[in-house]
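To start, the structure under review is shown below, and the notes come after it.
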Amino acid sequence: MSTRVEVCSMRTSDPRLKTGGRRYASGMRSKPKQKTTTIVSAVLNDGSIIETLASPRDRAVSLIRFHGVEIETGQTLDVPELGSIRPYAADNNLLAHGVVQFASGWANFDSETQLATDVQRFIHRYADLSPGFEEAAAYYVLLTWVFDAFKELPYLRLKGDFGSGKTRCLQTIGTLCYKPMFASGASTVSPLFRIIDSFRGTLIIDESDFRYSDERSEIVKILNNGNAKGFPVLRSEATPGKEFNPRAFDVFGPKIIATRRSFDDRALESRCITEEMTGLPPRQDIPLSLPEAFRDDAEKLKSKLLTFRVRWRLKLDAPSSARDANLEARVAQVFAPLMAVAFDQRARDRLYDLARKASATLKTDRGTTTEAQLLDIIFELRRDHIPLSMKEIAERFAARFGTDYSRSVTPKWIGSQLRSRLSLLTVKSCGVFLVPETESPKLINLFRRYGISEETGEVKSSTPEDVPSETAF
């Protein structure tokens with residue numbers, strides 16, 4: 001267990017102290033009041049967990065401290081490591097308008113498996129999702145409540161056009177998450193960096209709400225830097241003296257995203273557990289408008305989820321990094337945190353089956369890329385014991401795949417693609433540029449990664465049963 005104190009958004013908020021003026025009868029000056037700092041949540045060295053409680057109906061905000069079997073609540077708390085602390089004010093715009101939400105209390109639950117089942121039932125009641133993704137979403141909700149125990153996180157993503165139900169799914173799943181921060185409909189991206197850095201919760205975002213290319217690029221920065229600890233986003237901050245003083249914003253945390261299209265960045269795409277929204281009418285039992293019971297049921301579950309955080313936040317370790325021959329390394333990395341919060345073996349088996357299908361889908365998708373096409377040609381040349389010259393690769397590539405490209409396939413272009421896309425070394429020998437034999441170990445690994453068959457030299461295509469019909473990852 002780490003000994004570092006983890007504190008979310010702690011700042012000094014009281015006015016400047018006055019030391020002059022009134023004196024006691026003894027002639028001594030008044031003792032300065034203890035400074036009070038505003039805090040959202042904290043995990044302390046002594047094992048204490050501090051969280052904000054907020055009741056939208058009562059417009060009341062308080063802090064709760066869990067320390068072993070002791071529980072302390074109040075508008076202000078005195079904590080040895082932090083001094084006097086208090087929560088954000090109830091009339092803070094982010095809290096008053098529901099942009100950032102908290103649990104309103106805490107409650108016991110029967111078992112972790114039953115809690116995950118209750119979360120899945122809640123999602124099923126109000127959103128129309130495929131069964132596999134629905135279960136994954138339920139465990140993702142549990143993961144958000146202990147996310148700061150992990151070093152890397154996957155993202156949950158809903159992909160579909162307007163009117164496909166993405167917003168309802170965002171609202172249903174996001175409401176149950178740990179400190180959800182709803183960014184849908186935000187006018188600018190700039191506040192997001194500060195909100196994530198200050199509250200350290202779950203970002204719920206509809207990417208289509210950000211219409212301009214510069215805004216989308218800022219969103220991508222948050223997503224690219226936010227799945228692993230230790231990669232803050234740097235942004236310039238103005239100073240009175242016009243001094244260059246960039247500020248680092250910590251954007252690490254779970255995120256639920258709605259998009260209309262896939263991301264151009266395949267690395268970012270592979271970090272997402274994705275549901276392809278069909279756009280068909282929802283099930284008849286799903287209400288068209290959310291009833292009042294939605295909030296009541298969500299509050300009851302969030303109280304239990306807060307208790308789940310207290311029980312498991314300090315007990316969970318980072319998932320094992322052991323390699324699984326049946327899974328792509330990225331897929332194994334994405335699903336490992338979900339596996340860590342699935343306490344039922346049958347649930348872990350179902351999640352593993354989803355991960356296996358995700359691996360098959362990833363290999364199939366790779367088969368249509370430029371990288372896979374290049375490797376297919378290279379494998380064929382190696383099989384026929386033909387030197388891997390740029391000229392030979394270019395000629396075969398142009399004959400087989402040239403119509404897929406709007407530009408001429410030249411040896412120079414082939415060399416640049418091998419270096420930039422596959423990180424292969426090219427050398428000049430006897431006036432000819434080629435891939436040297438020293439790159440053989442790297443090529444063998446690439447063949448394995450892209451599913452190249454050693455028997456045929458072609459990219460394997462997954463059978464229909466290997467590829468999920470309703471959920472794609």
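The values are calculated or read from the model by the stated rules, or taken from the named source; none is laboratory data. In this text, all values refer to a predicted model and were calculated from it rather than measured experimentally. Every residue, glycine among them, receives a Cβ derived from its backbone with ideal geometry; neighbour counts consider all protein chains shown. Side chains included, ligands, DNA and RNA excluded: accessible areas come from the protein's heavy atoms. Shrake-Rupley method; radii C 1.70, N 1.55, O 1.52, S 1.80 Å.
At a glance:
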quantity: Candidate set: the range 340-369, residues that are of a type outside the set (Asp, Glu) and assigned to a loop (DSSP other than H, G, I, E, B); chosen: the one most open to solvent (accessible area, probe 1.4 Å); calculated: Thr368
quantity: Every residue from the range 31-82 that is in contact with a strand residue (DSSP E or B) (Cβ under 8 Å, 6 or more places away or on another chain), among the β-branched types (Val, Ile, Thr) and more than 23 Å from Gln101 (Cβ to Cβ); calculated: Thr36, Val79
quantity: Filter result for Ser104 (surrounded by fewer than 23 Cβ atoms within 10 Å (Cβ to Cβ), among the hydroxyl-bearing types (Ser, Thr, Tyr) and under 20 Å from Pro291 (Cβ atoms)); calculated: yes
quantity: Tally, over the range 128-158, of residues that are over 17 Å from Val341 (Cβ atoms) and buried (at least 21 other Cβ atoms within 10 Å of the Cβ); calculated: 3
quantity: Residues that are assigned to a strand (DSSP E or B) and of a type in the set (Ser, Thr, Tyr), drawn from the range 35-60; calculated: Thr36, Thr37, Thr38, Ser41, Thr52, Ser55
quantity: Count of the range 217-230 residues which are more than 13 Å from the chain's Cα centre (by Cα) and either aliphatic (A, V, I, L, M) or under 15 Å from Phe147 (Cβ atoms) (or both); calculated: 1
quantity: Qualifying residue in the range 431-443 (condition: open to solvent by 80 Å² or more (accessible area, probe 1.4 Å), aliphatic (A, V, I, L, M), at pLDDT 90 or above and in a helix (DSSP H, G or I)); calculated: no
quantity: Residue check for Arg235: of a type in the set (Lys, Arg), surrounded by fewer than 19 Cβ atoms within 10 Å (Cβ to Cβ) and without any contact (Cβ under 8 Å) to a residue 60 or more places away in the chain; calculated: yes
quantity: Selection within the range 414-430 - open to solvent by 30 Å² or more (accessible area, probe 1.4 Å) and either assigned to a helix (DSSP H, G or I) or among the small types (Gly, Ala, Ser) (or both); calculated: Ser416, Arg419, Ser420, Arg421, Ser423, Ser429
quantity: Flag for Arg309 being within 17 Å of Leu142 (Cβ to Cβ), basic (Lys, Arg), crowded, with 16+ Cβ neighbours inside 10 Å and free of Cβ contacts under 8 Å to residues at least 24 places away in the same chain; calculated: no
quantity: Some residue of the range 383-393 being at pLDDT 90 or above and of a type in the set (Gly, Ala, Ser); calculated: yes
quantity: Single unsatisfied condition, Lys315 versus (1) more than 30 Å from Phe102 (Cα to Cα); (2) part of a loop (DSSP other than H, G, I, E, B); calculated: (1)
quantity: Subset of the range 201-216 (residues that are open to solvent by 60 Å² or more (accessible area, probe 1.4 Å) and either under 15 Å from the mean Cα position of the chain (by Cα) or modelled with pLDDT of 85 or more (or both)); calculated: none
quantity: Complete set of residues in the range 221-232 that are hydrophobic (A, V, I, L, M, F, W, C), under 12 Å from Lys255 (Cβ atoms) and in contact (Cβ under 8 Å) with a residue 40 or more places away in the chain; calculated: Leu223
quantity: Residue match in the range 327-339 (condition: under 30 Å from Phe433 (Cα atoms), charged (D, E, K, R), open to solvent by less than 50 Å² (accessible area, probe 1.4 Å) and in contact with a Lys or Arg (Cβ under 8 Å, 6 or more places away or on another chain)); calculated: no
quantity: Test set (1) surrounded by 20 or more Cβ atoms within 10 Å (Cβ to Cβ); (2) in contact (Cβ under 8 Å) with a residue 40 or more places away in the chain - Gln120 fails condition number; calculated: (2)
quantity: Residue ID - nearest to Thr113 (Cα to Cα), chosen from residues in the range 377-396 that are open to solvent by 20 Å² or more (accessible area, probe 1.4 Å) and in a helix (DSSP H, G or I); calculated: Phe379
quantity: So Ser303, is it of a type in the set (Gly, Ala, Ser) and either open to solvent by 60 Å² or more (accessible area, probe 1.4 Å) or at pLDDT below 95 (or both); calculated: no
quantity: Unique residue being aliphatic (A, V, I, L, M), under 30 Å from Ser104 (Cβ atoms), out of contact with any helix residue (DSSP H, G or I) (no Cβ under 7 Å at 6 or more places or on another chain) and not in a loop (DSSP other than H, G, I, E, B) when the list is Leu306, Leu234, Leu301; calculated: Leu306
quantity: Some residue of the range 61-73 being among the acidic types (Asp, Glu), open to solvent by less than 100 Å² (accessible area, probe 1.4 Å) and at pLDDT 80 or above; calculated: yes
